[in-house]
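Structure, as structure tokens:
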Amino acid sequence: MNSKNPHTVRIAGVGYAVPSNILANSEILKSFPHRTDDEIVRLTGIRERRHATEDESATALAAIAVQHALAEAKMPVDRIDGIIMATLIPDQPVPSMASALAKQLGIPRVLAFDLNAACAGWLYALEVGRTFIRAGTAKNLIVVTAELISRITNSQDHDTAFLFGDGAGAAVLTNEPGGHRLHRMGLSGDADQFSAIQRVGGGARKLVPDPSGYDMDHFYLQMDGPAVFKHAVVGFADQIEQTLQREGLRPEDIAWIVPHQPNERILKAVSKRVGIPYEKFVMTISQYGNTSAASVSMALGWAAEEGIFNAGDRIIFCSVGAGLTFAGGLLVW
């Protein structure tokens, strides 16, 4: 049934990449002597994360993830028609990071653009890619994300300093027949929660900090923790339940949930709300932290590499991001 669905496309290969530099909780705790490692793990589920060094770029990290995905797909790069890049912090504002990646990969004449749906970005990009392929705009697409969130994390803010890491993930989407069928993503949002997660500075309204430095906080990610927790639990659960309803499935039909990785407590609450055991949630937050748009792609790449999926497994993606943005949908492995 799933392979015959006329709206699906094939994910032919996936891959992910992380910087080599590991930052353990103990390093960050040096700035917060009143907190402990046990407390951070209990509150977030995070033990360590990867932070890029000054000479590493998001584009280079994305290229590594793409090469892994292409190798798994057994597809030469010259068969790629386009690149869709999901990121909230490209290496430079103009041109797009997708264009930089196209040049680096040696395919400079493909369609290439960035999109920003924050932590839901990769799922938004998957849906754009799926519709492009179904419409005939492209045959083979790279859907990729790379985030160096450490560059906009305030190391002195105890609410966010422990949460974020850097990483990249990629998938090759194709119109070819075969397994790993990607179904339609459900996309939505709640702009009433616009200020729950934001970085005020760096855009046209406030391009650079004031020389006095009074507004430096505006150039880091800021988060209203209680609001995020409340709306994220509901948002994740809604995306899972809407996917089940859209696909005519029950919770027991689902083999795995591959979620955005914001906070372990959030996802445990989601598990209880939707009636799907937490053991079915693919979790990478302990070693990689919250990598924003990259987290779903990284978790998928990690799980595929570990060989935990079986042919025919029904997998639900779900994410909640700044905006707020919501995304969720089905992949049949």
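The values are calculated or read from the model by the stated rules, or taken from the named source; none is laboratory data. Since the model is a prediction, treat every value here as computed from it, not as a measurement. So basically every Cβ, Gly included, is an ideal-geometry build from the backbone, and we count neighbours across all protein chains shown.
For the stretch 269-289, name all the residues that are of a type in the set (Phe, Trp, Tyr) and more than 20 Å from HIS231 (Cα to Cα). Write out each step before concluding.
Residues of the stretch 269-289 that are of a type in the set (Phe, Trp, Tyr), as a first pass: 278, 281, 288.
The answer is TYR288, and nothing else.
So ASP217 passes all but one of these: (1) at pLDDT below 95; (2) assigned to a loop (DSSP other than H, G, I, E, B). Which condition number does it fail?
(2)
Are any of the residues in the stretch 309-318 of a type in the set (D, E, K, R), touching a residue at least 12 places away in the same chain (Cβ under 8 Å) and part of a helix (DSSP H, G or I)?
no
Is it the case that the stretch 163-171 has a residue that's out of contact with any Lys or Arg (no Cβ under 9 Å at 6 or more places or on another chain) and at positive phi?
Step one: of the stretch 163-171, the residues out of contact with any Lys or Arg (no Cβ under 9 Å at 6 or more places or on another chain) are 168-171.
From what's left, at positive phi: none.
Within the stretch 163-171, none of the residues are out of contact with any Lys or Arg (no Cβ under 9 Å at 6 or more places or on another chain) and at positive phi.
So for the stretch 261-278 (the condition being crowded, with 16+ Cβ neighbours inside 10 Å, modelled with pLDDT under 95 and not aromatic (Phe, Trp, Tyr)), does at least one residue qualify?
yes
With respect to ALA293, is the statement that it is closer than 21 Å to LEU23 by Cβ, touching a Cys at 6+ places or on another chain (Cβ under 8 Å), surrounded by 16 or more Cβ atoms within 10 Å (Cβ to Cβ) and among the hydrophobic types (A, V, I, L, M, F, W, C) true?
Criteria met by ALA293.
If we scan the stretch 238-248, do we find a residue that is within 16 Å of ALA322 (Cα to Cα) and among the small types (Gly, Ala, Ser)? Write out each step before concluding.
Of the stretch 238-248, the ones within 16 Å of ALA322 (Cα to Cα) are 239.
If we keep only those that are among the small types (Gly, Ala, Ser) as well, we get none.
No - not one qualifying residue is present in the stretch 238-248.
Residue-by-condition table, conditions (1) in contact with a Pro (Cβ under 8 Å, 6 or more places away or on another chain); (2) of a type in the set (A, V, I, L, M); (3) surrounded by fewer than 14 Cβ atoms within 10 Å (Cβ to Cβ); (4) closer than 30 Å to ALA269 by Cβ:
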residue: ASN21; (1), (2), (3), (4): no, no, yes, no
residue: SER31; (1), (2), (3), (4): no, no, yes, yes
residue: HIS34; (1), (2), (3), (4): no, no, yes, yes
residue: GLU48; (1), (2), (3), (4): no, no, no, yes
residue: HIS51; (1), (2), (3), (4): yes, no, no, yes
residue: ALA73; (1), (2), (3), (4): no, yes, no, no
residue: ARG79; (1), (2), (3), (4): no, no, yes, no
residue: VAL94; (1), (2), (3), (4): no, yes, yes, no
residue: GLN104; (1), (2), (3), (4): no, no, no, no
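Looking for whichever is under 15 Å from ARG273 (Cβ atoms), among the aliphatic types (A, V, I, L, M) and outside any loop (DSSP other than H, G, I, E, B) here; the options are VAL228, VAL233, VAL258. Which one fits? Steps first, please.
On the way: VAL228 fails: under 15 Å from ARG273 (Cβ atoms); VAL258 fails: under 15 Å from ARG273 (Cβ atoms).
Only one candidate passes the filter, namely VAL233.
Would the stretch 230-247 turn up any residue that is surrounded by 18 or more Cβ atoms within 10 Å (Cβ to Cβ), β-branched (Val, Ile, Thr), without any contact (Cβ under 8 Å) to a residue 40 or more places away in the chain and not assigned by TED's automatic domain parsing to the domain that holds TYR124?
No, every residue in the stretch 230-247 fails to be surrounded by 18 or more Cβ atoms within 10 Å (Cβ to Cβ), β-branched (Val, Ile, Thr), without any contact (Cβ under 8 Å) to a residue 40 or more places away in the chain and not assigned by TED's automatic domain parsing to the domain that holds TYR124.
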